[in-house]
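Rule-based calculations on the coordinates, nothing more; no lab input. Values in this document were obtained by computation on a predicted structure and should not be read as measured data. No Cβ is skipped: glycine too gets one built from the backbone with ideal geometry, and neighbour counts run over all protein chains shown.
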Amino acid sequence: MSRRKKVYEGKAKILYEGPEPGTLVQYFKDDATAFNAEKKAVIDGKGVLNNRLSEFFMTGLAAIGVPTHFIRRLNMREQLIRQVEIVPLEVIVRNFAAGSMAKRLGMEEGTQLPRPIVEFSFKNDALGDPLVPEEYIIAFGWANQQELDDIISLALRVNDFMSGVMHGVGIKLIDFKVEFGRIWENDFPRLLLADEISPDSCRLWDIETGRKLDKDVFRRDLGSLTDAYTEVARRLGVLPSNVTHRPKPTLIN
Ligand code: UDP
């Protein structure tokens with residue numbers, strides 16, 4: 001690999017300096033981590049699948065007017081993105097109870113929520129990304145009120161889009177996490193959807209069978225993570241081998 005300046009290395013991705021100012025190259029690793037990196041493994045091909053899937057979702061979202069950091073995919077594992085100032089929040093949208101919410105409230109996983117719920121965690125690995133109320137976000141200046149309002153409405157648009165796309169291929173979108181970043185245009189900040197959207201950061205259940213097609217397969221030792229992600233990519237028509245003759249998404253009746 002060429003000698004490039006590494007800007008940041010996270011658990012699943014590496015960011016390198018991009019070819020032009022204001023751009024970065026986002027490299028998707030095969031590393032999987034869970035429980036704040038207490039559980040680790042290398043999953044062959046995960047990075048390739050997530051690069052494709054994130055491209056698919058980000059491009060679709062851009063097409064309905066959601067601003068994103070994605071510029072273009074460069075190769076199997078890399079995409080060119082806009083450099084943003086990350087808002088230090090994990091923005092979680094939930095349609096059905098699962099994971100930490102189900103645990104906290106003693107709810108059965110899969111219970112439909114009365115409406116989509118947006119919640120925030122402060123991005124801090126050492127603290128285990130604690131859930132924070134909106135008031136903390138404003139008081140500590142992680143985002144201002146206007147930005148917070150924009151983040152909520154953008155997150156709900158992402159939810160509508162993702163839920164619809166997934167429903168079309170027989171998958172229920174239980175919940176997901178997204179991140180936002182700012183760019184500065186003439187001294188004015190503008191929010192962009194950043195990071196990635198992939199089965200690493202969503203909960204996806206097969207509508208018919210309830211089979212989990214997301215990172216819970218790894219977290220809970222439910223089988224092959226590659227098989228689960230490949231199934232999502234196959235249904236959406238974004239398997240790497242199908243690139244030249246990309247099939248339409250498979251509609252499940
Ligand atoms: N999530 C994520 N990164 C995190 C925490 C959560 O991508 O650091 C995603 C997770 O995959 C799920 C959603 O956010 O789709 C809600 O996660 P939850 O709060 O239930 O936490 P978990 O049970 O995964 O610890």
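Couplings 3J(HN,Hα) for the stretch 4-10, derived from phi with the Karplus relation 6.51 cos²θ - 1.76 cosθ + 1.60 (θ = phi - 60°), are 10, 7, 7, 9, 6, 10, x Hz, where x marks Gly and Pro. Placing +1 on the Cβ of every Lys and Arg and -1 on the Cβ of every Asp and Glu, with nothing else charged, gives the stretch 74-171 a dipole about its Cα centre of roughly 280 debye. Kirkwood-type hydrodynamic radius, the stretch 31-114: 15.8 Å, calculated from all non-identical alpha-carbon pairs.
A Förster radius of 30 Å combined with the Cβ-Cβ distance from residue 139 to residue 76 puts the calculated FRET efficiency at roughly 0.10. Distance from the alpha carbon centroid of the stretch 48-108 to that of the stretch 134-179 works out to 10 angstrom. One chain, two ends: residue 146 and residue 35. Fully extended at 0.36 nm per residue, the span grows by 36.7 nm beyond their Cα-Cα distance.
First measure r as the distance between the Cβ atoms of residue 220 and residue 186, then evaluate 1/(1 + (r/R0)^6) with R0 = 51 Å and state the FRET efficiency to the nearest 0.05. Present the calculation step by step, with values, prior to reporting the outcome.
Working: r = 48 Å, r/R0 = 0.94.
Calculated transfer efficiency: 0.60.
Taking each of 6/39; 13/212; 5/172; 6/172; 103/172 in turn, the alpha-carbon distance tops 28 angstrom for 5/172; 6/172. Only the Cβ atoms of Lys and Arg (+1) and of Asp and Glu (-1) were treated as charged; on that basis the dipole of the stretch 116-253 about its Cα centre amounts to roughly 740 debye.
Please give the FRET efficiency for residue 156 paired with residue 104, using the beta carbon to beta carbon distance and R0 = 22 Å, rounded to the nearest 0.05. Mind dumping the intermediate values first?
Values: r = 22 Å, r/R0 = 0.98.
The computed FRET efficiency comes out at 0.50.
Tell me the mean residue ellipticity at 222 nm calculated for the chain from its helices only (DSSP H runs of n ≥ 4, each -39500 (n - 2.57), averaged over every residue, nearest 500).
Working: 6 runs with 71 residues, N = 253.
So the calculated ellipticity at 222 nm is -8500 deg cm²/dmol.
Just so you know, the averaged projected area of the alpha carbon convex hull for the chain sits at 14.6 nm². Note on the chain: GNM, Cα springs under 10 Å; of 190, 82, 220, the largest mean-square fluctuation is that of 220.
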